[in-house]
1. Show the residues, 5+ positions off or on another chain, whose built amide H is closer than 5 Å to the amide H of LEU55.
2. Only four residue types carry charge here, +1 at the Cβ of Lys and Arg and -1 at the Cβ of Asp and Glu. Report the dipole size of the chain about the Cα centre in Debye, rounded to the nearest 20.
3. Could you rank the peptides 268-274, 59-65 by their average count of other C-beta atoms within 10 Å per residue, with the highest value first?
4. What FRET efficiency would be calculated for the residue pair ARG52, ASP276, taking the C-beta separation as r and a Förster radius of 41 Å, to the nearest 0.05?
5. How long is the gain from ARG372 to VAL258 if the chain were fully straight, where each residue apart is worth 0.36 nm and the alpha carbon distance is subtracted?
6. Say R0 is 51 Å: what FRET efficiency, to the nearest 0.05, do GLU213 and THR150 get from their beta-carbon distance?
7. To the nearest 0.05, how large is the calculated FRET efficiency for LYS325 and MET389 if R₀ is 41 Å and r is the Cβ-Cβ distance?
8. What ranking do 11-18, 26-33 get when scored by the average of other Cβ atoms within 10 Å per residue, highest first?
Amino acid sequence: MDFSKADKTTRNLKPKAAAYTTALGDGILCRVAPNGTKTLELRARLNGTVQRFRLGHYPATTITEAAGKAAEYRAMLKNGMSPKVAEQRAAGADLPRNLREAADRFIEGHLAIKAGAGWGHEAKRIIKSDVLPTLGHFPLQQLQRTDLTTLIESKARALRAKGRKGIAANRLAAVVSKFMRWCAMQGWVGHDLGTNLPKPAAEKAKDRVLSGEETGVFWNALTEAATTSGPILQPHARIMQLLAITGARCSEITTLTVADIDLKAGNISITDAKNDASNRTLPMAPAARAIIEARITEVGEGLLFPGPRAGKVIASNEISRTCRKLLKRLKLAPFTPHDLRRTAISIMAEDGIDGDIRRRITGHQAPDVHGRVYDRALRLDDMRRALAMIEGTYATAATKAAANAHADNVVPMVTTKPKRKA
C-alpha cells in the first residue's frame with residue numbers, strides 16, 4: 001500500500017449528497033459522510049462473514065496509523081476474535097464469556113422487560129432446553145452461522161424421526177434469530193450471524209373455524225367441566241371458556257391477575273400481551289363476567305388462574321393438551337385453543353361487526369397511521385356489544401346441541417295392536 005498516494009486520495013475526497021466509500025488498498029476504505037466526516041475502515045472476514053471495522057477518523061488518524069491498526073485487527077480476526085469485542089474487553093467492559101452468559105443477559109435484559117409474557121416464557125424455555133445444552137459453552141467469538149443452522153436441522157431431524165412435522169424447529173430458528181440479533185446490537189457478534197436462519201418445516205396458514213354444532217357441543221362440555229369434577233381440570237375449562245367468548249390469546253388469559261380486573265367498570269386490563277401494541281382494555285360481557293367473578297371468589301388475589309405450583313403461570317401447552325383430551329372424548333375434529341380466537345373473529349365478521357372493533361377486541365395493530373398513532377378512542381361500549389354477540393352465538397348453539405343430544409337419547413316407544421279374537 002502506497003501511504004503517500006492513499007493520503008493524497010483521502011485528503012482530496014469531497015462530500016456528496018449521499019455517503020460513499022473509496023478503497024485505499026489492502027482492505028482499507030475511507031467512508032465520506034455528507035457532512036464531510038471521513039472514516040477509515042478495514043474490510044475483512046470474521047467467522048466467514050465480511051464485516052467493516054472502524055480504524056479512526058481522518059485526519060486525526062493518519063493513513064500510517066490506520067494501516068498499523070488494521071494489521072493488529074487482522075491478527076485478531078485470524079484467531080476468530082472480533083476487534084470490537086477485544087477493545088471493549090481491554091477497556092474493562094463486562095462482556096459475556098460464552099453463549100450461556102449471553103443468554104442469561106438476553107433473558108434478564110430483554111425477555112423479562114420487553115417481550116410479552118407468553119412469548120417470553122416460551123423463548124426462555126427453548127433457549128434453556130434446545131440451545132444451551134449444545135452451544136452454551138461456546139465462546140461468542142468462535143460461534144459461526146453453521147453452528148446455528150446445524151442446531152436447527154438436528155432438531156428438525158429428531159422431530160421427523162418421531163413422526164412429527166418439525167414445526168418446533170421453526171420456532172427454535174425464530175428464537176435463535178431474535179437472540180442473535182440482540183447479541184449483535186450489543187456488539188458481541190456479527191449482525192448477519194442469525195439473520196434469516198432457515199426454517200426446515202413447511203407451514204400452512206391455519207383456517208380452522210368451529211361450526212355451529214361444534215361450538216354448541218364444546219361449550220356444553222366446558223360448562224359441565226367448569227362446574228363439576230370431570231375429565232379436565234376446572235381452571236382449564238374456564239380458561240377455554242374465556243378464550244372462546246373473548247377472542248383473547250391463551251397467554252393473555254393465563255397471565256391475568258385479580259388486580260387486572262375492574263368489576264366496577266366491567267373491564268379487563270390485558271398487560272402481558274404478545275407485544276405492547278396488543279396491550280388493551282377488554283370489556284366483560286355477562287358470561288365472561290360471571291366466570292371471572294367466580295374465580296375471584298375462589299382465589300382472592302394474585303393470579304386469576306394459578307398453576308399447580310404457587311405463583312406460576314399455567315403454560316399454554318397445558319391448555320392445548322387439555323383441549324386435545326376433551327376433543328378426543330367428545331369425538332370432535334381436532335382444533336387448537338388458538339382456533340377459538342379465529343372462531344370468535346369469524347363470528348363477529350359474520351354478524352357485521354366493524355373491523356375496527358374486531359381489531360380492538362383481539363389486540364391487532366391498526367393498518368394505518370391514524371389508528372396506530374392518533375386514534376385513542378376506547379369504544380368500550382361497542383366492544384362490549386360485540387362480545388355479548390359472541391356469547392349469544394355460543395349460548396344459542398349450546399341450546400341446540402343439548403336439544404339434539406336429548407333427542408338422540410329418546411327411544412321411541414313401540415306399541416303393538418292387540419290381536420283380534422277369532
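1. Under 5 Å from the amide H of LEU55: LEU40, GLU41, LEU42.
2. Values: 67 positive and 41 negative charges, 287 e Å.
Using Cβ point charges on Lys, Arg, Asp and Glu, the chain gives about 1380 debye.
3. Numbers: 268-274: 20.1, 59-65: 15.1.
Going by the mean number of other Cβ atoms within 10 Å, highest first, we get 268-274, 59-65.
4. Values: r = 33 Å, r/R0 = 0.81.
Taking R0 as 41 Å, the efficiency between ARG52 and ASP276 is 0.80.
5. Details: separation 114, 0.36 × 114 = 41.04 nm, distance 2.88 nm.
That pair, ARG372 and VAL258, stretches by 38.2 nm at full extension.
6. On the way: r = 48 Å, r/R0 = 0.94.
About 0.60, to the nearest 0.05.
7. Working: r = 30 Å, r/R0 = 0.72.
Between LYS325 and MET389 the formula returns 0.90.
8. On the way: 11-18: 9.9, 26-33: 17.6.
In decreasing order of mean packing, 11-18, 26-33 become 26-33, 11-18.
Readers should treat all values here as calculations from the given coordinates under stated rules, not as data from a laboratory. Computed from a predicted structure; not experimentally measured. When we count neighbours, we look across all protein chains shown, and the Cβ atoms used for this are built from the backbone with ideal geometry, even at glycine.
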